[in-house]
Amino acid sequence: MSARKSTPEEIRRRFDADVERFSNLETGQSATIDAPLSLELIAKAASLVRPEASALLDIGCGAGNYTLKLLQSLPLKSVTLIDLSRPMLDRAMERIHATAPAVEITAIQSDIRDTPLPEAAYDVAVAAAALHHLRDDQEWHSVFAAVYRALVPGGSFWISDIVTHQSTAVQRVMWQRYGEYLSALKGPEYRDHVFAYIDAEDTPRPLYWQLDLLARTGFRDVDVLHKNSCFAAFGAIK
(Lines give C-alpha, C1' and ligand atoms only; values in the text may rest on other atoms or scores of the structure.)
Protein backbone atom coordinates (compact mmCIF):
# COMPACT_ATOMS: atom_id res chain seq x y z
CA MET A 1 0.00 0.00 0.00
CA SER A 2 1.19 3.48 -0.85
CA ALA A 3 2.17 5.48 2.23
CA ARG A 4 1.30 8.74 0.54
CA LYS A 5 -2.02 9.09 -1.26
CA SER A 6 -2.52 11.31 -4.29
CA THR A 7 -3.93 14.78 -3.70
CA PRO A 8 -7.22 15.85 -5.35
CA GLU A 9 -5.16 17.95 -7.77
CA GLU A 10 -3.08 14.94 -8.81
CA ILE A 11 -6.21 12.85 -9.27
CA ARG A 12 -7.81 15.65 -11.29
CA ARG A 13 -4.87 15.75 -13.70
CA ARG A 14 -5.16 12.02 -14.39
CA PHE A 15 -8.87 12.25 -15.07
CA ASP A 16 -8.41 15.31 -17.29
CA ALA A 17 -6.38 13.09 -19.63
CA ASP A 18 -8.70 10.05 -19.45
CA VAL A 19 -12.09 11.32 -20.66
CA GLU A 20 -12.55 8.86 -23.51
CA ARG A 21 -12.45 5.81 -21.22
CA PHE A 22 -15.48 7.14 -19.36
CA SER A 23 -17.51 8.10 -22.43
CA ASN A 24 -19.04 4.79 -23.51
CA LEU A 25 -22.52 4.11 -22.17
CA GLU A 26 -22.47 0.49 -23.35
CA THR A 27 -19.25 -0.58 -21.65
CA GLY A 28 -18.99 1.90 -18.77
CA GLN A 29 -15.53 2.11 -17.25
CA SER A 30 -13.95 -1.13 -18.41
CA ALA A 31 -11.58 -1.34 -15.41
CA THR A 32 -14.66 -1.85 -13.22
CA ILE A 33 -16.01 -5.39 -13.15
CA ASP A 34 -19.65 -5.56 -14.33
CA ALA A 35 -19.83 -1.79 -14.88
CA PRO A 36 -22.74 -2.01 -17.40
CA LEU A 37 -24.72 -4.31 -15.10
CA SER A 38 -24.29 -2.02 -12.09
CA LEU A 39 -25.33 0.93 -14.23
CA GLU A 40 -28.45 -0.91 -15.39
CA LEU A 41 -29.41 -2.09 -11.91
CA ILE A 42 -28.99 1.32 -10.29
CA ALA A 43 -31.01 3.03 -13.03
CA LYS A 44 -33.78 0.43 -12.70
CA ALA A 45 -33.90 0.61 -8.91
CA ALA A 46 -33.88 4.42 -8.86
CA SER A 47 -36.72 4.59 -11.40
CA LEU A 48 -38.88 2.14 -9.42
CA VAL A 49 -38.23 3.77 -6.05
CA ARG A 50 -39.24 7.23 -7.28
CA PRO A 51 -40.66 7.10 -10.82
CA GLU A 52 -41.59 10.78 -10.73
CA ALA A 53 -38.02 11.89 -9.92
CA SER A 54 -37.18 15.22 -11.56
CA ALA A 55 -33.89 16.30 -9.90
CA LEU A 56 -30.66 14.29 -9.94
CA LEU A 57 -27.33 14.78 -8.16
CA ASP A 58 -24.45 12.99 -9.91
CA ILE A 59 -21.34 12.90 -7.68
CA GLY A 60 -18.10 12.26 -9.56
CA CYS A 61 -20.14 12.28 -12.76
CA GLY A 62 -17.23 11.58 -15.10
CA ALA A 63 -18.41 11.80 -18.70
CA GLY A 64 -22.06 11.48 -17.68
CA ASN A 65 -22.89 7.77 -18.08
CA TYR A 66 -25.10 7.53 -15.00
CA THR A 67 -27.05 10.66 -15.81
CA LEU A 68 -27.56 9.49 -19.38
CA LYS A 69 -28.79 6.10 -18.21
CA LEU A 70 -31.17 7.60 -15.66
CA LEU A 71 -32.57 9.94 -18.31
CA GLN A 72 -33.81 6.85 -20.14
CA SER A 73 -36.22 5.93 -17.35
CA LEU A 74 -36.86 9.06 -15.27
CA PRO A 75 -38.59 12.35 -16.16
CA LEU A 76 -35.60 14.40 -15.03
CA LYS A 77 -35.89 18.15 -15.40
CA SER A 78 -32.60 19.12 -13.75
CA VAL A 79 -29.25 17.46 -13.11
CA THR A 80 -26.39 18.67 -10.93
CA LEU A 81 -23.01 17.31 -11.96
CA ILE A 82 -20.02 17.38 -9.61
CA ASP A 83 -16.55 16.35 -10.71
CA LEU A 84 -12.92 17.30 -10.13
CA SER A 85 -12.23 17.38 -13.86
CA ARG A 86 -13.37 20.19 -16.15
CA PRO A 87 -12.91 18.09 -19.32
CA MET A 88 -15.09 15.38 -17.77
CA LEU A 89 -17.79 17.93 -16.94
CA ASP A 90 -17.60 19.41 -20.44
CA ARG A 91 -18.00 15.98 -22.03
CA ALA A 92 -20.87 15.10 -19.70
CA MET A 93 -22.71 18.33 -20.50
CA GLU A 94 -22.17 17.83 -24.23
CA ARG A 95 -23.55 14.28 -24.14
CA ILE A 96 -26.50 15.13 -21.88
CA HIS A 97 -27.48 18.18 -23.91
CA ALA A 98 -27.41 16.12 -27.11
CA THR A 99 -29.75 13.55 -25.55
CA ALA A 100 -32.02 15.79 -23.46
CA PRO A 101 -31.68 19.43 -24.54
CA ALA A 102 -34.53 20.59 -22.28
CA VAL A 103 -32.88 19.32 -19.08
CA GLU A 104 -31.33 22.04 -16.93
CA ILE A 105 -27.68 21.21 -16.19
CA THR A 106 -25.65 22.61 -13.30
CA ALA A 107 -21.99 21.64 -13.58
CA ILE A 108 -19.75 22.13 -10.54
CA GLN A 109 -16.03 21.55 -10.79
CA SER A 110 -15.27 20.64 -7.20
CA ASP A 111 -14.46 17.94 -4.69
CA ILE A 112 -17.64 16.62 -3.04
CA ARG A 113 -15.95 17.18 0.31
CA ASP A 114 -15.82 20.90 -0.43
CA THR A 115 -19.21 21.28 -2.13
CA PRO A 116 -22.14 22.74 -0.18
CA LEU A 117 -25.32 20.92 -1.13
CA PRO A 118 -28.79 22.47 -0.82
CA GLU A 119 -31.21 20.75 1.52
CA ALA A 120 -34.06 18.59 0.21
CA ALA A 121 -33.23 19.48 -3.39
CA TYR A 122 -32.79 16.12 -5.15
CA ASP A 123 -34.90 13.04 -5.77
CA VAL A 124 -31.94 10.82 -6.63
CA ALA A 125 -28.21 10.94 -5.88
CA VAL A 126 -25.63 8.68 -7.48
CA ALA A 127 -21.92 8.25 -6.86
CA ALA A 128 -20.07 5.94 -9.25
CA ALA A 129 -16.38 5.21 -8.69
CA ALA A 130 -16.05 8.42 -6.69
CA LEU A 131 -16.32 7.83 -2.95
CA HIS A 132 -13.21 5.64 -2.81
CA HIS A 133 -11.25 8.91 -2.89
CA LEU A 134 -12.56 9.79 0.58
CA ARG A 135 -9.88 9.37 3.22
CA ASP A 136 -10.62 9.18 6.96
CA ASP A 137 -13.87 8.06 8.54
CA GLN A 138 -14.94 11.63 9.25
CA GLU A 139 -14.93 12.45 5.54
CA TRP A 140 -17.15 9.45 4.82
CA HIS A 141 -19.56 10.42 7.60
CA SER A 142 -19.66 14.03 6.42
CA VAL A 143 -20.34 13.18 2.76
CA PHE A 144 -23.04 10.61 3.55
CA ALA A 145 -24.73 13.09 5.89
CA ALA A 146 -24.57 15.86 3.29
CA VAL A 147 -26.17 13.63 0.66
CA TYR A 148 -28.87 12.58 3.14
CA ARG A 149 -29.75 16.22 3.83
CA ALA A 150 -29.73 17.04 0.12
CA LEU A 151 -32.36 14.41 -0.71
CA VAL A 152 -36.09 14.90 -0.44
CA PRO A 153 -37.99 12.44 1.80
CA GLY A 154 -38.33 9.26 -0.22
CA GLY A 155 -35.29 10.14 -2.31
CA SER A 156 -32.60 7.54 -2.89
CA PHE A 157 -28.80 7.37 -2.88
CA TRP A 158 -27.02 4.82 -5.09
CA ILE A 159 -23.34 3.90 -5.05
CA SER A 160 -21.23 1.82 -7.44
CA ASP A 161 -17.64 1.45 -6.31
CA ILE A 162 -14.65 -0.63 -5.41
CA VAL A 163 -14.85 -2.13 -1.91
CA THR A 164 -12.46 -3.84 0.46
CA HIS A 165 -13.03 -6.89 2.67
CA GLN A 166 -12.73 -7.35 6.41
CA SER A 167 -10.77 -10.62 6.12
CA THR A 168 -7.26 -10.32 4.70
CA ALA A 169 -7.64 -13.80 3.22
CA VAL A 170 -10.85 -12.84 1.43
CA GLN A 171 -9.25 -9.59 0.28
CA ARG A 172 -6.38 -11.55 -1.30
CA VAL A 173 -8.83 -13.83 -3.13
CA MET A 174 -10.88 -10.92 -4.47
CA TRP A 175 -7.82 -8.91 -5.44
CA GLN A 176 -6.37 -11.89 -7.29
CA ARG A 177 -9.64 -12.32 -9.20
CA TYR A 178 -9.63 -8.63 -10.09
CA GLY A 179 -6.05 -8.91 -11.33
CA GLU A 180 -7.03 -11.85 -13.51
CA TYR A 181 -9.92 -9.84 -14.93
CA LEU A 182 -7.65 -6.90 -15.81
CA SER A 183 -5.01 -9.15 -17.34
CA ALA A 184 -7.61 -10.89 -19.50
CA LEU A 185 -9.00 -7.52 -20.52
CA LYS A 186 -5.80 -5.79 -21.65
CA GLY A 187 -2.80 -7.75 -20.42
CA PRO A 188 -0.57 -7.78 -17.31
CA GLU A 189 0.87 -4.31 -18.00
CA TYR A 190 -2.63 -2.85 -17.86
CA ARG A 191 -3.29 -4.77 -14.64
CA ASP A 192 -0.16 -3.29 -13.08
CA HIS A 193 -1.13 0.19 -14.30
CA VAL A 194 -4.58 -0.03 -12.71
CA PHE A 195 -3.23 -1.49 -9.48
CA ALA A 196 -0.68 1.33 -9.29
CA TYR A 197 -3.21 4.13 -9.52
CA ILE A 198 -5.59 2.40 -7.12
CA ASP A 199 -2.73 2.10 -4.63
CA ALA A 200 -1.82 5.76 -5.08
CA GLU A 201 -5.29 7.27 -5.15
CA ASP A 202 -7.91 5.14 -3.45
CA THR A 203 -8.99 4.43 0.13
CA PRO A 204 -12.12 2.30 -0.25
CA ARG A 205 -14.11 0.89 2.65
CA PRO A 206 -15.75 -2.53 3.12
CA LEU A 207 -19.24 -2.92 1.69
CA TYR A 208 -20.85 -3.72 5.04
CA TRP A 209 -19.12 -0.75 6.65
CA GLN A 210 -20.76 1.51 4.07
CA LEU A 211 -24.15 -0.17 4.43
CA ASP A 212 -23.95 0.36 8.18
CA LEU A 213 -22.96 3.99 7.68
CA LEU A 214 -25.98 4.54 5.40
CA ALA A 215 -28.25 3.16 8.12
CA ARG A 216 -26.59 5.18 10.88
CA THR A 217 -26.87 8.32 8.76
CA GLY A 218 -30.65 7.84 8.73
CA PHE A 219 -31.28 6.04 5.45
CA ARG A 220 -33.80 3.18 5.38
CA ASP A 221 -34.24 0.18 3.11
CA VAL A 222 -30.49 -0.24 2.68
CA ASP A 223 -29.89 -2.81 -0.05
CA VAL A 224 -27.17 -4.45 -2.15
CA LEU A 225 -27.99 -4.65 -5.84
CA HIS A 226 -24.87 -6.50 -6.99
CA LYS A 227 -21.41 -7.58 -5.91
CA ASN A 228 -18.64 -9.23 -7.91
CA SER A 229 -15.12 -9.57 -6.47
CA CYS A 230 -14.12 -6.15 -5.11
CA PHE A 231 -16.90 -4.14 -6.77
CA ALA A 232 -20.42 -3.53 -5.52
CA ALA A 233 -23.58 -1.59 -6.36
CA PHE A 234 -25.83 -0.65 -3.46
CA GLY A 235 -28.04 2.08 -2.07
CA ALA A 236 -30.74 3.24 0.28
CA ILE A 237 -33.82 5.43 0.60
CA LYS A 238 -34.27 8.50 2.80
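The values are calculated or read from the model by the stated rules, or taken from the named source; none is laboratory data. Keep in mind it's a predicted model, so treat the numbers as computed, not measured. Because the Cβ atoms are built from the backbone with ideal geometry, glycine has one as well, and the counts that use them run over all protein chains shown. Keep in mind that these areas ignore ligands, DNA and RNA; they rest on the heavy atoms of the full protein, side chains included. Shrake-Rupley method; radii C 1.70, N 1.55, O 1.52, S 1.80 Å.
Contact order for the chain, expressed relative to its length and based on alpha carbon pairs under 8 Å spaced 6+ residues apart, stands at 21 percent. Put one equal scatterer on each alpha carbon of segment 107-200, apply the Debye formula with no solvent term, and list log10 I(q)/I(0) at q = 0.14, 0.19 1/Å to two decimals. For segment 107-200 at q = 0.14, 0.19 Å⁻¹, log10 I(q)/I(0) is -0.69, -0.98. The angle separating the long axis of helix 207-217 from the principal Cα axis of greatest extent in the chain is about 30 degrees. Scaling against 2.2 N^0.38 Å puts the C-alpha radius of gyration of the chain at 0.95. Accessible surface ranking for Thr203, Thr67, 1.4 angstrom probe, highest first: Thr203, Thr67. Helical content alone sets the calculated 222 nm signal of the chain at -13500 deg cm²/dmol, taking -39,500 (n - 2.57) per DSSP H segment of four or more residues and averaging over every residue. Each Lys and Arg contributes +1 and each Asp and Glu -1, all at the Cβ; summed about the Cα centre of segment 45-166, the dipole is approximately 280 debye. Once Lys and Arg get +1 and Asp and Glu get -1 on their Cβ, which of Pro118, Phe157, Ala145 lies farthest toward the positive end of the dipole of segment 44-199? The Cα lying farthest towards the positive end belongs to Phe157.
Between the C-alpha center of segment 132-147 and that of segment 160-238 there is a gap of 16 Å.
Excluding same-chain neighbours fewer than eight residues apart, the lysines reachable from Lys186 by a Cα-Cα span under 27 Å are Lys5, Lys69, Lys227. For Ile108, the amide hydrogen comes within under 5 Å of the amide hydrogens of Leu81, Ile82, Asp83, counting only partners 5 or more places away or on other chains and with H modelled in the peptide plane. Taking the C-alpha atoms only, the angle from helix 137-150 to the longest principal axis of the chain is near 20 degrees. Globularity index of segment 83-131 is 1.23 (Cα radius of gyration / 2.2 N^0.38 Å, N = number of residues). Each Cα pair under 8 Å and six or more residues apart adds its sequence gap; the mean of these over the residue count of segment 119-238 is a relative contact order of 35 percent. Using the Cβ-Cβ distance between His226 and Lys77 with R0 set to 41 Å, the FRET efficiency from 1/(1 + (r/R0)^6) comes to roughly 0.90.
All other residues whose Cβ lies under 12 angstrom from that of Leu131 are scored, Lys and Arg at +1 and Asp and Glu at -1, for a net of -1. Simple point charges give the picture: +1 on the Cβ of Lys and Arg, -1 on the Cβ of Asp and Glu, and for segment 127-238 a dipole about the Cα centre of about 320 debye. Under a model in which nothing but the beta-carbon of Lys, Arg (+1) and Asp, Glu (-1) is charged, the chain shows a dipole of about 300 debye around its Cα centre.
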